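Colleague: Quick one: this structure, given as structure tokens, is what I'll be asking you about.
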Amino acid sequence: MPVDGRPDKHAAKEGAWRNSRVDMMENATRILGIDPGLRHMGWGVIDVLGTRLVHVANGVISTDSKSTISERLVQLHYGLRAVLAAHEPDLAAVEEIFVNKNPRSTLKLGAARGVALLVPALAGVPVSEYAPNRIKKSVAAAGLAGKEQIRAMVGMLLPGALVTSADAADALAVAICHAHHATTNARVAEMVAAGDKKAGARI
């Protein structure tokens with residue numbers, strides 16, 4: 001407050017701006033995207049504020065290649081659990097696996113994906129799954145987009161985000177895909193609910 005005892009208009013405006021920003025963040029939906037992998041599991045967290053997407057964090061959980069598969073799965077479990085504890089997402093989304101030419105690699109990837117599905121579910125976070133082509137179309141409008149194109153588009157959709165690796169970029173793409181579909185589903189549900197209300201009023 002100024003020396004003359006009158007309220008500081010600048011301080012009041014700044015306080016109102018801070019309060020509105022806090023309200024916006026409290027109303028945001030936080031999504032965790034996961035790109036499963038036994039060697040490197042990418043993860044990315046975004047906040048959804050209406051139609052606006054805000055980058056929160058991203059990274060990669062890496063395992064020791066000298067460890068057994070079971071030990072590496074434990075490493076992924078603890079690493080992903082730490083991510084959930086740190087960022088407390090409301091929703092999670094995981095990329096579906098495609099059938100690899102190498103059956104052994106497909107089985108290993110499937111085991112890692114099991115961890116990606118299990119850890120959020122154990123924390124009570126709803127988990128959705130998306131095919132790779134659907135994720136690419138959602139982010140880059142092309143189902144055959146390469147990793148560099150995906151990374152570039154993620155950077156455009158999340159301005160200011162420092163993406164640590166291609167795996168983290170893929171994980172953020174999964175989160176963005178889920179944000180788009182979750183928003184669409186919510187709008188459809190609202191339209192259906194509104195239609196039901198109108199129908200009930202007519203009856």
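Colleague: If you go through the range 101-127 one residue at a time, how many are of a type in the set (Lys, Arg) and in contact (Cβ under 8 Å) with a residue 40 or more places away in the chain?
Modeller: Within the range 101-127, the subset of a type in the set (Lys, Arg) is 101, 104, 108, 113.
Filter again for in contact (Cβ under 8 Å) with a residue 40 or more places away in the chain, leaving 108, 113.
Selection size over the range 101-127: 2.
Colleague: For the range 88-108, name all the residues that are of a type in the set (Gly, Ala, Ser) and on the phi > 0 side of the Ramachandran plot. Break it down stepwise before answering.
Modeller: Step one: filter the range 88-108 for residues of a type in the set (Gly, Ala, Ser), giving 92-93, 105.
If the condition is that a residue be of a type in the set (Gly, Ala, Ser) and on the phi > 0 side of the Ramachandran plot, then no residue fits.
Colleague: From the list HIS77, HIS55, which residue is crowded, with 18+ Cβ neighbours inside 10 Å and either modelled with pLDDT of 95 or more or touching a Lys or Arg at 6+ places or on another chain (Cβ under 6 Å) (or both)?
Modeller: None of the others qualify; the one that does is HIS55.
Colleague: Also, I was wondering about something else. Looking only at the range 60-94, how many residues end up being of a type outside the set (D, E, K, R) and outside any helix (DSSP H, G or I)? Before the answer, list the steps.
Modeller: Kept after step one, since they are of a type outside the set (D, E, K, R), are these residues of the range 60-94: 60-63, 65, 67-70, 73-80, 82-87, 89, 91-94.
Retained after the next criterion (residues that are outside any helix (DSSP H, G or I)): 60-63, 65, 67-68, 89, 91-94.
Qualifying residue count, the range 60-94: 12.
Colleague: Quick test for you: out of VAL163, VAL119, VAL125, pick the one residue that is farther than 21 Å from LEU38 by Cα and either surrounded by 15 or more Cβ atoms within 10 Å (Cβ to Cβ) or over 13 Å from the mean Cα position of the chain (by Cα) (or both). Can you show your working first?
Modeller: Values: VAL163 fails: farther than 21 Å from LEU38 by Cα; VAL119 fails: farther than 21 Å from LEU38 by Cα.
Residue meeting the stated conditions: VAL125.
Colleague: Just give me the residues in the range 95-139 being at pLDDT below 95, within 23 Å of ALA182 (Cα to Cα) and part of a helix (DSSP H, G or I), in sequence order.
Modeller: Once the filter is applied, which keeps residues that are at pLDDT below 95, within 23 Å of ALA182 (Cα to Cα) and part of a helix (DSSP H, G or I), the range 95-139 yields PRO132, ASN133, ARG134, ILE135, LYS136, LYS137, SER138, VAL139.
Colleague: Can you tell which of ALA123, ALA161, ALA152, ALA140 is within 12 Å of ASN58 (Cβ to Cβ) and of a type in the set (A, V, I, L, M, F, W, C)?
Modeller: On the way: ALA123 fails: within 12 Å of ASN58 (Cβ to Cβ); ALA152 fails: within 12 Å of ASN58 (Cβ to Cβ); ALA140 fails: within 12 Å of ASN58 (Cβ to Cβ).
So the residue among ALA123, ALA161, ALA152, ALA140 that is within 12 Å of ASN58 (Cβ to Cβ) and of a type in the set (A, V, I, L, M, F, W, C) is ALA161.
Colleague: Do we have ALA186 as assigned to a helix (DSSP H, G or I), closer than 21 Å to VAL127 by Cβ and at pLDDT 80 or above here?
Modeller: Spelling it out, it is not the case that ALA186 is assigned to a helix (DSSP H, G or I), closer than 21 Å to VAL127 by Cβ and at pLDDT 80 or above.
The values are calculated or read from the model by the stated rules, or taken from the named source; none is laboratory data. None of these values were measured; they are calculated from a predicted model. For neighbour counting, all protein chains shown are included, and Cβ atoms are generated from backbone atoms with ideal geometry for every residue, glycine included.
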